[in-house]
Amino acid sequence: MNTSVRNTGRLLAAALRALLVLTVVCGVLYPLAVTGVAQTLFRDKANGSEIESDGRVVGSSLIGQSYHLPKKNPDDPEEAPRPDLTWFQPRPSNGLGSNSVNTQYSLILSGATNRSGDNAELIQWVKDAKAAVVADNSTATHRVDPSDVPADAVTSSGSGLDPDISPAYAKLQVHRVAERNKLPVERVAKLVREHTSDRILGFIGEPRVNVLQLNIALRELGGTTDRP
């Protein structure tokens, strides 16, 4: 009996020592080491790839955001958001859903539409989005040709949070942005060229334009001052 109790005691003591050692190594030393390396070598990425403007964080280069006008009726949940055409607009976000789990915060759940390419509702979304892109970006001196509307202007990304648009979609918006901000078209077009990133390592992915960074540059150019 005494031997059994002593063996049990030794096992419990060994287990507690192992728990203590593993807690210190895996729960304290390892996280501190990883955090130290990340903050030393990859500080920007470790902190969320934050973008600052006027000394404050306005977003992340990895997460897209919308540029909408305030609702006419803030109490109407069915009122569709209207794009603020003063700014360059991102891709559609039809895959996003509202947070129904933690209603204390107005969070957005990312995700795709989960509809097939021949889904009637998806096809109608694309048609409506294309018509809106043509109407919104046509000006008194420039008419957008429907055939020039790129795919990313009318479809959302898999996550619905893509921060980038194609150079073609950015260029399509140039005349409208220039007119709304009373800026020369060529100067706004140059802004797009300056903020166009090439393929990673020259062959991975596609050329892209980060919408938030482009809009920050637009504001600094002397355009609108409300956002971002």
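Here, each number is a calculation from the coordinates, and none is a lab measurement. All of these numbers come straight from a predicted model, not from anything done at the bench. So basically every Cβ, Gly included, is an ideal-geometry build from the backbone, and we count neighbours across all protein chains shown.
Rounded to whole numbers, the Karplus 3J(HN,Hα) couplings from phi for segment 74-91 are x, 8, 9, x, 8, 5, 6, x, 9, x, 7, 6, 5, 9, 5, 9, x, 5 Hz, using 6.51 cos²θ - 1.76 cosθ + 1.60 with θ = phi - 60°, and x at Gly and Pro. Identify which of Ser197, Ser138, Ser147 has the largest mean-square fluctuation in a Gaussian network model of the chain, with springs joining Cα atoms closer than 10 Å. Ranking Ser197, Ser138, Ser147 by mean-square fluctuation puts Ser147 first.
Annotation: peptides 72-79, 162-169, ranked by per-residue average of other Cβ atoms within 10 Å with the highest first, follow the order 162-169, 72-79. The modelled label-to-label distance between Ala168 and Val185, using points 7 Å beyond Cα along the C-beta direction, is 2.0 nm. Taking the centroid of alpha carbons for each part, segment 186-209 and segment 144-165 are 15 Å apart.
Summary of the geometry: segment 53-91 and segment 6-41, compared by the centres of their Cα atoms, lie 45 Å apart.
Near Ser60, the amide H atoms lying under 5 Å from its own belong to Ile51; only residues 5 or more places off or on other chains count, and H is placed 1.01 Å from N. The stretch between Ser197 and Asn47 holds 51.8 nm of extra length on full extension. This uses 0.36 nm per residue minus the Cα-Cα distance. Once the chain from Ala18 to Glu121 is taken as fully extended at 0.36 nm per residue, the excess over their C-alpha distance is 31.3 nm. Taken as entire DSSP H runs, the helices of the chain that both span 20 Å or more between Cα atoms along their own long axis and average -0.5 or more on the Kyte-Doolittle scale are 2-24, 120-137. For the chain, lysine pairs separated by 8 or more sequence positions, or belonging to different chains, with Cα-Cα distances below 22 Å total 5. What translational diffusion coefficient, to the nearest whole µm²/s, does segment 127-228 have by Stokes-Einstein, given a Kirkwood radius computed over alpha-carbon pairs, a temperature of 4 °C and 1.567 mPa s viscosity? Estimated diffusion coefficient is 90 µm²/s. Could you tell me which label, among [x] 17.5, 57; [y] 25.3, 97; [z] 16.0, 43, carries the value of Rg and Dmax of the Cα atoms in Å calculated for this structure? Computed from the coordinates, Rg and Dmax of the Cα atoms in Å corresponds to [y]. When you count the other C-beta atoms within 10 angstrom of each residue and take the mean per peptide, 214-222, 127-135 line up highest first as 214-222, 127-135.
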